[in-house]
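*Asks:* One structure, as structure tokens, below. Some questions next.
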Number of protein chains: 2
Amino acid sequence: MRQVVMTKPGEIAVEDRADPKIIEATDAIIRLSATCICGSDLWPYRGVQEVHHQVMGHEYVGVVEEVGPEVKTVKVGDFVVGSFWASDNTCDICQAGYQSHCVHRTIMGSIGTQSELARIPLADGTLVATPGQPAADLIPSLLAASDVLGTGWFAAVAAQAGPGKTVAVVGDGAVGLLGILAAKQLGAERIVAFSRHADRQKLAREFGATDIIEERGDEGVAKVKDLTGGLGAHSVIEAVGTQEAMMQAIHSARPGGHVGFVGVSHDVNIPGELLFGTGIHLHGGPAPVRQYLPELIKLIWNRKIDPGKVFDLTLPLDQAAEGYEAMDERRAIKVLLTV
Amino acid sequence: MRQVVMTKPGEIAVEDRADPKIIEATDAIIRLSATCICGSDLWPYRGVQEVHHQVMGHEYVGVVEEVGPEVKTVKVGDFVVGSFWASDNTCDICQAGYQSHCVHRTIMGSIGTQSELARIPLADGTLVATPGQPAADLIPSLLAASDVLGTGWFAAVAAQAGPGKTVAVVGDGAVGLLGILAAKQLGAERIVAFSRHADRQKLAREFGATDIIEERGDEGVAKVKDLTGGLGAHSVIEAVGTQEAMMQAIHSARPGGHVGFVGVSHDVNIPGELLFGTGIHLHGGPAPVRQYLPELIKLIWNRKIDPGKVFDLTLPLDQAAEGYEAMDERRAIKVLLTV
């Protein structure tokens, strides 16, 4: 099969590799219908994280091709969506809704789903079958559910977005944009997007943003305060992962407010005095996407939401290198790879 | 009137000062029945925080002696308990339950309640009258509600202590001990106290601790994991304020668990990568004691709880210096000053 490999920072190859095989009785093999490039793939691409001939990709939708003898809830031929963490969905941590911290978890990036086929561990716990074979135009949205939508959704839940709330969103990448969509679905009254890019502002408004702030840092915070009677937002989504973004998020929230952070933290340090003084709630980390998949699939299947809009560039798997370049140079918000 | 003053680090005087007067129409003047020394008073006492001829104390119970013309909910002669933050209890932040961040808040420490009389700003928002004049033996517990119990209670709420939960408590000072009492009242199934002092262990057990761990740091964390099937506690209370205590608290919690921190942070830094990776909830700061006062007064009045047990040394106000010494040297958990 063909599979994307990052040979070194900034260098993407598509190689012929052996087809994956069932290893554990709880595994499934899927044939991918589509996969994509994640903002987090840019960290190693830019050399911020070490990488050496690494398989890439952790988002996936496709058709089950083979199942291990213990797999019960999905069968050959099912169209499935799975989280970027494989999880058993039965341990205490999963049952509490934190499948991304499952005691038996496997990160799908270690297997690589920018490929024609992929082995999915713990298939019963990880995969959710759609009600039938999806129409082609639903596939981007179902793929988004695998991570970027699920992550934005978790961020909005962690920020306690809901009726009567003002939600501010730091980061106008695909996760931030889908955090806006999630906040809207969760009933938020007002959604403030921090963005200085016209194309992203447009998508933010389509997804439900009511206000756009172009300023960042202290100036951006001052604008949020202006919009909220001096108090700050009830809920803030942090979808970047830098110190600047985290500080902007914390300072944008009102006392007792909630910050949900899903940007993968890189050299972020949070002063205890700041957290103590602001009195905010802080919660985040790798999103337990599996928790939300049934609900997200239903919303997509019934065409209530269209998160696939974040894919503004589609390329065949063999042109993955061009996809990485486009995202790195911010020419594309998010790249879908057809398989 | 007599009032306690910290002239410099480590030096306590009791001085004659002018009686306080009504300044704002919303003020009340109370005659204190009792006051006390807070663990946080030890930070300036030890020179960690700057101090220069500073009035001291922020915990108080007493009888209303005079009210400003706009005060409506308390009257002369009422026995009252108030929070260590004065708050209007009507602004959006107060209404959301965060009176310690009220937009009109005043920290009572700036007024000083280790004194015979005290001016209480925003009396309607700040003070809660008891159902009648309390029996003498209830006064220590009512005084505890003013801060140390309310703070422990907030920590337990922030940690989401409740039925079916295992709660770990870092810090065996008065706040940590009353966090145990709060967790018990909130229905926690198992309460693990970190403590290496026999007298505090005893009180911890009286308040509801089911397990005691004497180890600290990584060893303490390992013990909590042992007690919880390798997962960690659902809820952790941090009641110290140091880096070591915060790290012990975060690592003691399971993924998706809740850490409630009320130790006043001193040089605490929380790595974003750690928060991201552990997936815990973090919430804390100055406790919105006012939110809990009606409930706490009721529990004390009906003799359901006895938080006054944390006072293991009682001295007259004029001997405040000896009280500070006793707490600094850990000869006393908490010192009550009679007025």
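The values are calculated or read from the model by the stated rules, or taken from the named source; none is laboratory data. The shown structure was predicted, so the numbers you read here are calculated from the model rather than taken from an experiment. Virtual Cβ from ideal backbone geometry, glycine too; neighbours counted across all protein chains shown.
*Asks:* Can you name every residue in the stretch B:36-56 that is in contact (Cβ under 8 Å) with a residue 60 or more places away in the chain and either within 14 Å of B:A332 (Cα to Cα) or of a type outside the set (A, V, I, L, M) (or both)?
*Replies:* Selection gives B:C36, B:I37, B:C38, B:G39, B:S40, B:D41, B:L42, B:W43, B:Y45, B:R46.
*Asks:* Can you find, within the stretch B:99-139, the residue that is nearest to B:H53 (Cα to Cα) among those that are among the polar types (S, T, N, Q) and within 14 Å of chain A (Cβ to nearest Cβ)?
*Replies:* B:S100
*Asks:* Let me ask another. Inspect all residues belonging to the stretch A:265-273 and state whether any of them is under 22 Å from A:V157 (Cα atoms), surrounded by fewer than 24 Cβ atoms within 10 Å (Cβ to Cβ) and of a type outside the set (S, T, N, Q).
*Replies:* yes
*Asks:* For B:F207, only one of the following conditions fails: (1) within 14 Å of chain A (Cβ to nearest Cβ); (2) crowded, with 23+ Cβ neighbours inside 10 Å; (3) modelled with pLDDT of 95 or more. What is its number?
*Replies:* The single condition B:F207 does not satisfy is (1).
*Asks:* Residues in the stretch A:58-80 that are touching a strand residue (DSSP E or B) at 6+ places or on another chain (Cβ under 6 Å) and surrounded by fewer than 19 Cβ atoms within 10 Å (Cβ to Cβ): how many?
*Replies:* Looking only at that region, the number is 4.
*Asks:* Would you list the strands (runs of 3 or more DSSP E) that sit entirely within the stretch B:260-339 and hold 3 or more residues that are within 14 Å of another protein chain (Cβ to nearest Cβ)?
*Replies:* B:269-271, B:281-284
*Asks:* Output the qualifying pairs, or none if there are none: Cβ atoms under 7 angstrom, residues six or more apart or on different chains, first residue in the stretch A:309-332 and more than 12 Å from A:A34 (Cα to Cα), second residue part of a helix (DSSP H, G or I) and of a type in the set (S, T, Y).
*Replies:* The qualifying pairs are A:Y324/A:Y45; A:D328/A:Y45.
*Asks:* Of all residues being out of contact with any Lys or Arg (no Cβ under 9 Å at 6 or more places or on another chain) and not polar (S, T, N, Q) in the stretch A:48-57, which is surrounded by the fewest Cβ atoms within 10 Å (Cβ to Cβ)? Just the residue, please.
*Replies:* Among those residues, the one meeting the criterion is A:E50.
*Asks:* Filter the stretch B:103-123 down to residues that are within 13 Å of B:S83 (Cβ to Cβ), polar (S, T, N, Q) and crowded, with 22+ Cβ neighbours inside 10 Å, then give me how many there are.
*Replies:* 1
*Asks:* Further question: For the stretch A:226-243, what are the residues that are away from chain B (no Cβ under 12 Å) and surrounded by fewer than 20 Cβ atoms within 10 Å (Cβ to Cβ)?
*Replies:* A:D226, A:L227, listed by residue number.
*Asks:* Name the pairs whose Cβ atoms lie under 7 Å apart, with the first residue in the stretch A:139-161 and part of a helix (DSSP H, G or I), the second of a type in the set (K, R), and 6 or more positions between them or separate chains?
*Replies:* A:V148/A:K334
*Asks:* Of everything in the stretch B:2-19, what is under 22 Å from B:P44 (Cβ atoms) and part of a loop (DSSP other than H, G, I, E, B)? Give them in sequence order.
*Replies:* Passing the criteria: B:P9, B:G10, B:R17.
*Asks:* Just wondering, is there one or more residues in the stretch B:25-43 that are crowded, with 17+ Cβ neighbours inside 10 Å, over 24 Å from B:F311 (Cα atoms) and hydroxyl-bearing (S, T, Y)?
*Replies:* Yes, there is a match, as at least one residue in the stretch B:25-43 is crowded, with 17+ Cβ neighbours inside 10 Å, over 24 Å from B:F311 (Cα atoms) and hydroxyl-bearing (S, T, Y).
*Asks:* I'd like to verify a number: residues in the stretch A:244-253 that are closer than 15 Å to A:G162 by Cβ and at the interface with chain B (Cβ under 10 Å from one of its Cβ atoms), how many?
*Replies:* 0
*Asks:* Among the listed residues B:G217, B:G279, B:G263, B:G256, which satisfies the condition of being in the same structural domain as B:A188 (by TED's automatic domain parsing) and in contact (Cβ under 8 Å) with a residue 40 or more places away in the chain?
*Replies:* Going through B:G217, B:G279, B:G263, B:G256 in turn, the sole match is B:G263.
*Asks:* If you go through the stretch B:165-196 one residue at a time, how many are in contact (Cβ under 8 Å) with a residue 60 or more places away in the chain and in a loop (DSSP other than H, G, I, E, B)?
*Replies:* Total meeting the criteria: 3.
*Asks:* Next question. Name the single residue, out of those in the stretch A:215-234 being in contact with a helix residue (DSSP H, G or I) (Cβ under 7 Å, 6 or more places away or on another chain) and outside any helix (DSSP H, G or I), that is farthest from A:V175 (Cα to Cα). Break it down into steps so the answer makes sense when it comes.
*Replies:* Here is the first cut: in the stretch A:215-234, the residues in contact with a helix residue (DSSP H, G or I) (Cβ under 7 Å, 6 or more places away or on another chain) are A:215-217, A:220-221, A:224, A:231-233.
Next cut, outside any helix (DSSP H, G or I) only: A:215-216, A:231-233.
On the way: A:E215: 19, A:R216: 18, A:L231: 26, A:G232: 22, A:A233: 19 Å.
Among them, the one singled out is A:L231.
*Asks:* Do the conditions hold for A:D27, that is, is it assigned by TED's automatic domain parsing to the domain that holds A:F84 and either touching a helix residue (DSSP H, G or I) at 6+ places or on another chain (Cβ under 6 Å) or more than 27 Å from A:T242 (Cβ to Cβ) (or both)?
*Replies:* Values: assigned by TED's automatic domain parsing to the domain that holds A:F84: yes; either touching a helix residue (DSSP H, G or I) at 6+ places or on another chain (Cβ under 6 Å) or more than 27 Å from A:T242 (Cβ to Cβ) (or both): yes.
Against the criterion (assigned by TED's automatic domain parsing to the domain that holds A:F84 and either touching a helix residue (DSSP H, G or I) at 6+ places or on another chain (Cβ under 6 Å) or more than 27 Å from A:T242 (Cβ to Cβ) (or both)), A:D27 qualifies.
*Asks:* Let me ask something else about it. Filter the stretch B:35-75 down to residues that are within 30 Å of B:G263 (Cβ to Cβ) and assigned to a loop (DSSP other than H, G, I, E, B), then give me how many there are.
*Replies:* Residues of the stretch B:35-75 within 30 Å of B:G263 (Cβ to Cβ): B:35-62.
The next check asks that each one be assigned to a loop (DSSP other than H, G, I, E, B); those that pass are B:37-38, B:46-53, B:56-60.
Number of matching residues: 15.
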